[in-house]
Amino acid sequence: VEALEKLAEQDFDVVISDILMPEMDGFQLCRRVKMDDRLKEIPFILYTAAYTDPEDRKFALSLGADRFIIKPLEPDAFVEIIKEVIQNHKVKPSNNKVVNKVVNKEEIVYLKKYNERLIKKLEDGMFQLEEKNIELEQSYKKIQRTLDSIVETIGLVIEMRDAYTSGHQRRVSQLACAIAREMNLSEEQIEAVRIAGLLHDIGKISVPTDILNKPDKLNKFELGIVRNHPQTAFEILKDVEFSQPIAEIVLQHHERIDGSGYPNGLKGNQILIEARILAVSDVVEAMAFHRPYRPALGITKALEEITTNSGKLYDPEAVKACIAVFSRGFDFEKER
């Protein structure tokens, strides 16, 4: 289509065209050029790798094409052919065949066969593409299973260092996913919440076990060591090529809406929504289960905590969604 526009604007010595093109193929272009009284004397060369049947060449020449060339061709040889075609037109300007403006029976028959072959080529191509897509999907699922196994293994390694919080990351991940679904987050975001939940305490690998398992309240120095675990987790995860910002979510899971959290004192929407969900889930699970320094406080107490501090420490929408999932019977044990 663009070629016809250019031909209407200025003069050219030769037209060299492929066959497979959008909107209009090379055969159609050739016919349009040769039907135009102003353009019909311009030499026309069809150059293709897709159409190698003798019938294709015969049809091209019947449309008025001067040459039908099969790719590939050495550049020097191609230049010589172009020179020859142009020279022939200069010496014998009337040599070019004028195509009838009415489509003849022979042309209709060929076009039918041509369309059938084109459809066959497209069907074959689609079949091959479908096979490749299946292979890619299988490879992706295999990679995903491997990633899941690695994530779960890392989570287990962390929990083995802290017997009192065994299962904590798994339970936080379960509740966080339920909250994310309640908030109608995308499947990609829910997956990010799941993975981040399973890894959110990976930074505790740098915390001495005597601090992790200390039965008394931590002193200022010990608290400082523990509060460094989100940054440590970020350093561990930042170079892993997850499809979602897992490292950033984990880094922010102790940030609070009013800016009183750590490590960076982020506020409100500065905190990723996935991290805000993780924060609610983390607090609820921590209060509901036993810790070295206190017995389990239970779900009711945990929900009171997030409700009281909704909009101050915790994201209101995440709190609302968390209460909703528990009201419908969410249970950590059933979610296993």
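The values are calculated or read from the model by the stated rules, or taken from the named source; none is laboratory data. Remember, predicted model here, so these are calculated numbers, not experimental data. So basically every Cβ, Gly included, is an ideal-geometry build from the backbone, and we count neighbours across all protein chains shown. With ligands, DNA and RNA removed, areas are computed over all heavy atoms of the protein, side chains included. Shrake-Rupley method; radii C 1.70, N 1.55, O 1.52, S 1.80 Å.
For a quick protection proxy, order the peptides 305-312, 79-86, 63-70, 213-220 by their average other-Cβ count within 10 Å, most packed first.
Packing order, densest peptide first, comes out as 63-70, 305-312, 79-86, 213-220.
Where the accessible area of the stretch 276-336 is counted over protein heavy atoms with a 1.4 Å probe, how much of it, in %, is carbon and sulfur? Ligands and nucleic acids excluded, carbon and sulfur reach 53 percent. Over all other residues within a Cβ to Cβ distance under 10 Å of Ile70, the charged ones net out to +1, with Lys and Arg as +1 and Asp and Glu as -1.
Cβ under 11 Å from Phe242's Cβ, Phe242 left aside: what net charge do those residues give with Lys, Arg +1 and Asp, Glu -1?
Counting the neighbours of Phe242, the net charge comes to -4.
Once the chain from Thr209 to Arg294 is taken as fully extended at 0.36 nm per residue, the excess over their C-alpha distance is 28.9 nm.
Leaving out same-chain residues fewer than 8 places away, which aspartates and glutamates sit with a Cα under 19 Å from that of Lys40? Those aspartates and glutamates meeting the cut-off are Glu2, Glu5, Glu9, Asp11, Asp13, Asp18, Asp25, Asp66, Glu84, Glu107. Each of Gln128 and Leu218 was given a label point 7 Å from its Cα along the Cα-to-Cβ line. The distance between the two points is 5.9 nm. Of the listed pairs Lys34/Lys132; Lys142/Lys238; Lys58/Lys120; Lys220/Lys301, which have alpha-carbon separations greater than 31 Å here? As for pairs spanning more than 31 Å Cα to Cα, those are Lys34/Lys132.
Counting Lys and Arg as +1 and Asp and Glu as -1 over every other residue whose Cβ lies under 14 Å from the Cβ of Ser310, the net charge comes to -1.
Inter-label distance, Ala49 to Glu80: 2.3 nm, where each label sits 7 Å from its Cα along the C-beta direction.
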